[in-house]
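Each reported figure results from applying straightforward, stated rules to the coordinates on display, with no laboratory input. Please read these numbers as outputs of a predicted model, since none were measured by experiment. Please note: Cβ atoms are built from the backbone with ideal geometry, for glycine as well, and neighbour counts cover all protein chains shown.
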Amino acid sequence: MVVAGLTGGIASGKSTVAGMLAAMGAIVLDADLMARRAVVKGSRGWEKVVEVFGRGILTGDGRIDRAKLGDLVFAEPDKRVLLEKIIHPLVRKQMEQEVKKIGRRDPQAVVVQDVPLLFEAGMDRGLDEIIVVWVPESLQLERLMERDGLTVSGARARIRSQMPLEEKRRLATMVIDNSGSLEETRRQTERVYRRLAAEARAGGRRCRKLPAGRLRNGS
């Protein structure tokens, strides 16, 4: 089995690549989905979030209003840190449990952990490979403005709230350049998947101690 992390930046195309990898045969574990499960109404995660942020972030039926909570933590970085301290350990635990289950079921599986804040959450440790979906910041800004209807300043603020994509690129073992056509991205993703599948058949190689960038642009 091989376990890879997949990350990028907002509007970089990470979700597109995750979908391609899943279609090619990878088992993709979605950290965002796990984060939602971690704070489902009545769960321990839900209780902690309400305890820290108050009942004002709840909907009428007691669920956490993700949009309201997102606006709150985006406006106040200290509150974002508090939320991450609640959510990240819960997501890490779910990831570990799922990987163990998959390993028992399929020792040659290609597992991809789709985690937007892979480095920030410390979830890059112990992975066989780290895949970063990269675009130039100018294109990232353009796509984010078009996608979310944001102003230049609003889009730039959201990009700057994350670790810079250039820094993530330096920490990667595989980089997919998503600044071109969809077909170009697909070809790079296919090369990455073939490499992961070969590693899985070989039993995984736990390569995180190698210098970053050994496999760039899927080559």
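Using a Gaussian network model of the chain in which every pair of alpha carbons under 10 angstrom is joined by a spring, one finds that among ASP71, ASP177, ASP61 the greatest mean-square fluctuation is at ASP61. Other residues whose C-beta falls under 12 angstrom from the C-beta of VAL112 contribute a net charge of -4, scoring Lys and Arg +1 and Asp and Glu -1. Values (i) 17.7, 64; (ii) 17.2, 60; (iii) 17.9, 52 are given for comparison; Rg and Dmax of the Cα atoms in Å, derived from the coordinates here, is the one labelled (iii).
Using the Cβ of THR59 as centre and a radius below 13 Å, the other residues enclosed give a net charge of +3, where K and R count +1 and D and E count -1. Principal-axis analysis of the Cα atoms of the chain puts helix 77-105 at an angle of about 40° to the longest axis. Take the Kirkwood radius over Cα pairs of segment 110-203, plug it into Stokes-Einstein at 20 °C and 1.002 mPa s, and you get 145 µm²/s for translational diffusion. Backbone amide hydrogens, once placed in the peptide plane, bring LEU6 within less than 5 Å of GLN113, ASP114, VAL115, ILE131, excluding anything fewer than 5 places away on its chain.
Note on LEU144, LEU139: ascending count of other Cβ atoms within 10 Å places them as LEU139, LEU144, the fewest first. In the chain, the DSSP-assigned H stretches of four residues or longer account for a calculated mean residue ellipticity at 222 nm of -17000 deg cm²/dmol, using -39500 (n - 2.57) per stretch and the full residue count as denominator. Evaluating 6.51 cos²θ - 1.76 cosθ + 1.60 at θ = phi - 60° for every residue in segment 173-186, the Karplus couplings come out as 9, 9, 10, 10, 7, 9, 8, x, 7, 4, 5, 5, 5, 5 Hz, glycine and proline recorded as x. May I ask for the net charge around GLU137, where only other residues with Cβ less than 11 Å from the Cβ of GLU137 are counted and Lys, Arg are +1 while Asp, Glu are -1? Neighbourhood net charge equals +1. Considering only ILE87, ILE130, ILE57, the Gaussian network model of the chain with Cα springs below 10 Å gives its largest mean-square fluctuation to ILE57.
Number of Lys-Lys pairs in segment 2-201 with C-alpha atoms under 17 Å apart and a separation of 8 or more places or on different chains: 9.
Relative to the longest principal axis of the Cα atoms of the chain, the long axis of helix 44-53 makes an angle of roughly 50 degrees. For the chain, a Gaussian network of Cα nodes joined below 10 Å ranks VAL152, VAL192, VAL28 by mean-square fluctuation, and the top entry is VAL152.
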